[in-house]
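These notes are about the structure you will find just below.
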Amino acid sequence: MAAGRIFLILVVSSLCFSCLATRTVKTEILRDPNCTEPCRTEIGHVQATGQEDTLHYLITNIGIPTIYVLRTNTINEPNTSVKVDWNKLASENTTERSEAITFPPVIQIFYSYAAMFTRMFEYNDTLDNADITKYNVNNTAWNVYNFADFDWDDLSNASDVNSNVINFMISSNMSESLGNGTISLKIQAFDHGDRENQLPHLQYTENIVLFDLVISHISTNLSASRFVVEMIMYSNSTDNMEIKTTASIDDEYTPGVFKISNWLTRPTNQAEGCFIQWKPVCYQNIPRGRNVATYVSYYGPSGLDSDQDMMKLVDRSILGAFEESTAIQFRMTATNFSFGLSKDGGYTSKNYTAWSGTLGFGAPPEEKVSTLVIIIIAAGLGLPVVIIIFGGIGVCVKKQTGKQKKILQEVTRNYPGLN
């Protein structure tokens, strides 16, 4: 009984260890005090404060939807957070605008990185192979949606700062232009480690934010519509970025999916870099389930450091409002993510696509066989062994008992006086 209690305590402790908070997370919406409704000039600021460092997430649709993260030292003093000069932020002068976002001198920036959602492509998959490399601008129809040209709702109207959630939602006017469809991007920060409560159940920690992209009921003029989303990853280091995909033997958390991919800014020094992590699966309906799951393919990463058009796009983002992002050497790469699998009906079959991923600092979480699965496997393998062992012992004991009984009977028969 005592051993059972100790085992139970160990299991519960191991499961709850990752839930212990190591950062204090606070979310606020920074807003230009002089703007009128709709403002369209807001920045979601998530400050995740730890003992050794602080992660500042600047999340905004200014320019293009961007999650810009700065890892700094932790100073437990008032007025040591990020400062925004809204007049400089609105300036057309590149030099002046680069000074719009600052930190007090006591704050040291260790590392910065960003994920930007730049464009969405729609193509007519007439071959039904769900592979954009099979097409070009001449052999099929394409629609291009530049997120920089979208009209987004105010962050303060769509977000939940108490739950550390920042939401990008297209405005009602923009929705009408897309046939009353919606495009939304949810970003959530955490002060503990766990898994998201819906498929694909990605892992998160206090160093990670979860993003969830939904494309719903967008009107289309294409008969075999499929969508592709372009993302840019920025890092203020010169390391070559890579995407690495690993396989797992366990699909406990995402049935039918045995792979996970990581877009790494520092592949040879992951502990000091950042990553975007996802599983190759998205969902075509609500609720999410294996029966509405389809595939996610990626194409990249490709370098952008010499792409002047992309550099102008980045300058329009919040990165262009922070001198640190362009005053030093940096690296940017782009990757396209396409949604769909041959014979899944394409986007028009359900008019819905939902895809999740995470953006984090440090080495990405690894998919490991859970404690529950280990216990089940151990029980499944161990029980037959136990039966064989004890069955063998029982047979041996029975045989030995039979031999002793036979010998005793012979002795009794030969020596009647012993009776």
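The values are calculated or read from the model by the stated rules, or taken from the named source; none is laboratory data. As the structure is a computational prediction, the values presented were derived from the model and not from experiment. Heads up, the Cβs are rebuilt from the backbone with ideal geometry, glycines too, and the neighbour counts pull from every protein chain shown.
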Mind listing whichever residues of the stretch 105-119 are under 17 Å from I318 (Cα atoms), of a type outside the set (F, W, Y) and more than 15 Å from the chain's Cα centre (by Cα)?
I109, S112, T118, R119
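For the stretch 282-315, how many residues meet the condition of being in a strand (DSSP E or B), among the aliphatic types (A, V, I, L, M) and farther than 23 Å from F147 by Cβ? Break it down stepwise before answering.
To start, the set of residues in the stretch 282-315 that are in a strand (DSSP E or B) comprises 282-283, 293-303.
Applying the additional criterion that residues be among the aliphatic types (A, V, I, L, M) yields 293, 296.
Among the residues that remain, those that are also farther than 23 Å from F147 by Cβ are: 293.
Qualifying residue count for the region: 1.
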Looking at L341, L304, which is the one that is surrounded by 15 or more Cβ atoms within 10 Å (Cβ to Cβ), at pLDDT below 95 and in contact with a strand residue (DSSP E or B) (Cβ under 8 Å, 6 or more places away or on another chain)?
L304
What residue, among those in the stretch 273-312 that are of a type in the set (V, I, T) and in contact with a Lys or Arg (Cβ under 8 Å, 6 or more places away or on another chain), is nearest to T95 (Cα to Cα)?
V296
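Pick from D154, D160, D131, D85: which is in contact (Cβ under 8 Å) with a residue 24 or more places away in the chain and under 19 Å from T41 (Cα atoms)? If you could, list the steps in order and put the result at the bottom.
Details: D160 fails: in contact (Cβ under 8 Å) with a residue 24 or more places away in the chain; D131 fails: under 19 Å from T41 (Cα atoms); D85 fails: in contact (Cβ under 8 Å) with a residue 24 or more places away in the chain.
Selected residue: D154, the only one of D154, D160, D131, D85 that is in contact (Cβ under 8 Å) with a residue 24 or more places away in the chain and under 19 Å from T41 (Cα atoms).
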If S81 satisfies all but one of (1) within 15 Å of G320 (Cβ to Cβ); (2) part of a loop (DSSP other than H, G, I, E, B); (3) among the small types (G, A, S), what's the number of the condition it fails?
(1)
Taking the stated definitions as given, is F211 of a type in the set (F, W, Y), within 27 Å of E367 (Cα to Cα) and surrounded by 20 or more Cβ atoms within 10 Å (Cβ to Cβ)?
yes
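Conditions (1) of a type in the set (F, W, Y); (2) in the same structural domain as Y68 (by TED's automatic domain parsing); (3) within 24 Å of D212 (Cβ to Cβ), marked per residue:
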site	(1), (2), (3)
I249	no, yes, no
Y253	yes, yes, yes
C274	no, yes, yes
V281	no, yes, yes
I286	no, yes, yes
D309	no, yes, no
Can you find a residue in the stretch 128-136 that is modelled with pLDDT under 95 and on the phi > 0 side of the Ramachandran plot?
no
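Determine, yes or no, whether N167 is modelled with pLDDT of 95 or more, in a strand (DSSP E or B) and surrounded by fewer than 22 Cβ atoms within 10 Å (Cβ to Cβ). Full working, then the answer.
Details: modelled with pLDDT of 95 or more: yes; in a strand (DSSP E or B): yes; surrounded by fewer than 22 Cβ atoms within 10 Å (Cβ to Cβ): yes.
Answer is yes for this residue.
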Scanning the stretch 208-250 for residues that are within 17 Å of the chain's Cα centre (by Cα) and acidic (D, E), which turns out farthest from A148 (Cα to Cα)?
E242
Any chance the stretch 141-157 includes a residue that's under 24 Å from S297 (Cα atoms), part of a loop (DSSP other than H, G, I, E, B) and in the same structural domain as E272 (by TED's automatic domain parsing)?
yes
Exception for M233 within (1) surrounded by fewer than 23 Cβ atoms within 10 Å (Cβ to Cβ); (2) in contact with a Pro (Cβ under 9 Å, 6 or more places away or on another chain) falls at (1)
Need pairs with beta-carbon distance below 9 Å; first residue over 25 Å from E230 (Cβ atoms) and within the stretch 96-115, second of a type in the set (F, W, Y); sequence gap 6+ or separate chains.
E99/F322; A100/W86; A100/F322; T102/F322; I109/F103
Looking at the stretch 73-86 only, could you name the residues that are under 22 Å from N34 (Cα atoms) and surrounded by 11 or more Cβ atoms within 10 Å (Cβ to Cβ)?
S81, V82, K83, V84, D85, W86
If I filter the stretch 344-376 down to residues being of a type in the set (D, E) and within 24 Å of E206 (Cβ to Cβ), which single residue comes out as modelled with the lowest pLDDT?
E367
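Can you spot a residue in the stretch 187-207 that is of a type outside the set (S, T, Y) and over 22 Å from the mean Cα position of the chain (by Cα)?
Keep residues of the stretch 187-207 that are of a type outside the set (S, T, Y), which gives 187-203, 206-207.
Right, trim to over 22 Å from the mean Cα position of the chain (by Cα) and you get none.
The answer is no, given that none of the residues of the stretch 187-207 is of a type outside the set (S, T, Y) and over 22 Å from the mean Cα position of the chain (by Cα).
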Identity of the residue in the stretch 33-72, touching an Asp or Glu at 6+ places or on another chain (Cβ under 6 Å) and surrounded by fewer than 18 Cβ atoms within 10 Å (Cβ to Cβ), that ends up nearest to E206 (Cα to Cα):
C39
Y283 being crowded, with 17+ Cβ neighbours inside 10 Å and at pLDDT below 95:
no
